[in-house]
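Engineer: I'd like to ask you about the structure that follows.
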Amino acid sequence: MFDLASAADAAASITLRALLHPSRAARLVEQHRRDASRLNFNGLLNALDNAVFAAVSSPDQMPLAQVIQDRFVSSLIELSLNENASPVVRAKTDAKLRGISNRLEPSLFSAQEVRTHNAWLRGRIEAHLNRPAAPAPASAPQADIPQGSPIGAGMMELCWHCEGIGD
């Protein structure tokens with residue numbers, strides 16, 4: 001039997017992996033810095049958030065929507081933990097996760113299934129955001145200044161900082 005939930009998860013995973021790639025996210029941040037009229041990383045996150053958490057038209061679609069919501073949250077957590085992602089991207093990703101978590105507050109007006117799913121997602125996000133910080137890596141020792149004249153100095157120059165002294 002065809003597993004529709006697994007197919008939805010695979011499609012969401014492929015799409016989110018491409019859209020939330022650390023290099024692409026960094027380019028969005030940089031391109032927006034250069035030209036404010038361009039799409040920025042926050043705009044991408046907001047568009048994805050609106051699409052993923054949009055109201056479903058039928059209760060039959062709720063299980064698929066929840067699979068995609070879980071994949072979106074998992075992808076954001078993965079991006080936040082990615083050492084190759086820029087600090088700006090990681091900070092914006094954590095801010096989006098914080099916003100999602102705040103929005104997923106349990107509501108008595110929601111169906112039990114929705115409340116349960118939202119509480120589970122919220123727990124995953126909070127566990128990620130409240131994790132102990134990784135120890136800062138030891139800084140690499142600074143390289144010694146190489147011997148010789150500074151870049152651009154003449155080959156026969158003996159003392160680049162002594163010029164004009166004693167003349």
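Any read-out appearing in this document is the output of simple, stated calculations on the displayed coordinates, not a laboratory observation. Since the model is a prediction, treat every value here as computed from it, not as a measurement. Note that we place each Cβ from the backbone using ideal geometry, even for glycine, and neighbour counts take in every protein chain shown.
Engineer: Given (1) more than 19 Å from Glu113 (Cα to Cα); (2) crowded, with 16+ Cβ neighbours inside 10 Å, identify the lone condition not met by Ala65.
Structural biologist: (1)
Engineer: I would also like to ask the following. What's the number of the only condition in (1) over 21 Å from Glu126 (Cβ atoms); (2) part of a helix (DSSP H, G or I) that Ser57 fails to meet?
Structural biologist: (2)
Engineer: To continue, here is another question. Can you say whether Ala5 is out of contact with any His (no Cβ under 6 Å at 6 or more places or on another chain), outside any loop (DSSP other than H, G, I, E, B) and more than 27 Å from Arg90 (Cβ to Cβ), as far as the supplied structure shows?
Structural biologist: For Ala5, the condition - out of contact with any His (no Cβ under 6 Å at 6 or more places or on another chain), outside any loop (DSSP other than H, G, I, E, B) and more than 27 Å from Arg90 (Cβ to Cβ) - is met.
Engineer: Something else: Working only within the range 81-97, note down all residues that are surrounded by fewer than 16 Cβ atoms within 10 Å (Cβ to Cβ) and over 18 Å from Ala136 (Cα atoms).
Structural biologist: Let us first name the residues in the range 81-97 that are surrounded by fewer than 16 Cβ atoms within 10 Å (Cβ to Cβ), namely 81, 83-84, 87-88, 91, 95.
Across the range 81-97, the qualifying residue is only Ala95.
Residue-wise test of (1) farther than 25 Å from Ala111 by Cα; (2) touching a residue at least 24 places away in the same chain (Cβ under 8 Å); (3) out of contact with any helix residue (DSSP H, G or I) (no Cβ under 9 Å at 6 or more places or on another chain).
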{"position": "Ala12", "(1), (2), (3)": "no, yes, no"}
{"position": "Ala18", "(1), (2), (3)": "yes, no, no"}
{"position": "Ala25", "(1), (2), (3)": "yes, yes, no"}
{"position": "Leu28", "(1), (2), (3)": "yes, no, no"}
{"position": "Gly43", "(1), (2), (3)": "yes, no, no"}
{"position": "Asp60", "(1), (2), (3)": "no, no, yes"}
{"position": "Ile68", "(1), (2), (3)": "no, yes, no"}
